[in-house]
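**Q** Structure provided below as structure tokens; questions to follow.
The values are calculated or read from the model by the stated rules, or taken from the named source; none is laboratory data. It should be emphasised that the depicted structure is a prediction, and the values quoted were computed from it without experimental measurement. With ideal geometry, Cβ positions are generated from the backbone for all residues, glycine too; neighbour counts draw on all protein chains shown.
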Amino acid sequence: MAGDQKAFGQLVARHQASVRALSRRLTRSVSDGDDIAQAAFLTAWRRRSSWRGGSFRGWVCAIAYREFLATRKGRVFEASEDDHPGAAGETGERLDLTRALAALDDNERAAIALCLGAGLSHAEAALAMEAPLGSVKSWVLRGRAKLQKALAAYERA
């Protein structure tokens, strides 16, 4: 058991930043995102025997996405002033990206966060989202195009 805890702790240390970043993008909140990430790692620990190998990051990001979906039922995540990225002295470019991500629809934002933010493959994101691979590819393409257009508009401003 001690070996399991040590190995798991190393996996958490290696992947917590990307899982937290994913969760924060999904919830649009630092504190809610951190709560989702923590819940995902706790779930991963409890279900560690079900991990079949492959990408641990992909597996735990899928758990985080499902935790997000379960948590958001009946709840709307909104960034508070404390959670707002600009509150921590964030640069204008990062704030523009945050606003552009917020303008995407939920599926596009989730697919972008999983594929581009967390580095999952389209296939891993499809498994995490429990969606067809073609849909995930479309969401990523549409979301990326919307982000490029929105950020180009911010650049001109």
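**Q** Any chance you could count how many residues in region 4-39 are in contact (Cβ under 8 Å) with a residue 60 or more places away in the chain and either part of a helix (DSSP H, G or I) or surrounded by fewer than 16 Cβ atoms within 10 Å (Cβ to Cβ) (or both)? If you could, list the steps in order and put the result at the bottom.
**A** At the first step, the residues of region 4-39 found to be in contact (Cβ under 8 Å) with a residue 60 or more places away in the chain are 18-19, 21-22, 25-26, 28.
Narrowing the set further to residues that are either part of a helix (DSSP H, G or I) or surrounded by fewer than 16 Cβ atoms within 10 Å (Cβ to Cβ) (or both) leaves 18-19, 21-22, 25-26.
Qualifying residue count for the region: 6.
**Q** For region 1-44, how many residues meet the condition of being closer than 17 Å to F68 by Cα and aromatic (F, W, Y)?
**A** So in region 1-44, the residues closer than 17 Å to F68 by Cα come out as 16-44.
Among the residues that remain, those that are also aromatic (F, W, Y) are: 41.
Final tally of qualifying residues: 1.
**Q** Kindly state which helices (runs of 4 or more DSSP H) lie completely within region 55-157 and contain at least 2 residues that are modelled with pLDDT under 90 and of a type outside the set (S, T, N, Q). Talk me through it step by step, then tell me what you get.
**A** Details: elements: 56-72, 92-102, 106-112, 122-129, 133-156.
In region 55-157, 56-72, 92-102, 122-129, 133-156 are the helices (runs of 4 or more DSSP H) which contain 2 or more residues that are modelled with pLDDT under 90 and of a type outside the set (S, T, N, Q).
**Q** Moving on to the next point. Residues in region 40-55 that are of a type in the set (G, A, S) and either in the same structural domain as D105 (by TED's automatic domain parsing) or surrounded by 13 or more Cβ atoms within 10 Å (Cβ to Cβ) (or both): how many? Give the steps one after another, and end with the answer.
**A** At the first step, the residues of region 40-55 found to be of a type in the set (G, A, S) are 40, 44, 49-50, 53-55.
Those left that are additionally either in the same structural domain as D105 (by TED's automatic domain parsing) or surrounded by 13 or more Cβ atoms within 10 Å (Cβ to Cβ) (or both): 40, 44, 55.
The qualifying residues number 3.
**Q** Can you tell me which residue is farthest from R99 (Cα to Cα) among those in region 128-157 that are touching a residue at least 40 places away in the same chain (Cβ under 8 Å) and buried (at least 19 other Cβ atoms within 10 Å of the Cβ)?
**A** Within region 128-157, the match that is farthest from R99 (Cα to Cα) is A128.
**Q** Also: Give the residues of region 112-157 that are among the hydroxyl-bearing types (S, T, Y) and touching a helix residue (DSSP H, G or I) at 6+ places or on another chain (Cβ under 7 Å), sorted by residue number. Break it down stepwise before answering.
**A** If we filter region 112-157 for residues that are among the hydroxyl-bearing types (S, T, Y), which is where we start, we get 121, 135, 138, 154.
Matches in region 112-157: Y154 only.
**Q** Is region 45-67 home to any residue that is without any contact (Cβ under 8 Å) to a residue 24 or more places away in the chain and aromatic (F, W, Y)?
**A** Filtering region 45-67 for residues without any contact (Cβ under 8 Å) to a residue 24 or more places away in the chain gives 46-47, 49-54, 59, 63.
After this cut, where a residue has to be aromatic (F, W, Y) as well, the list is 51, 59.
Checked region 45-67: at least one residue is without any contact (Cβ under 8 Å) to a residue 24 or more places away in the chain and aromatic (F, W, Y).
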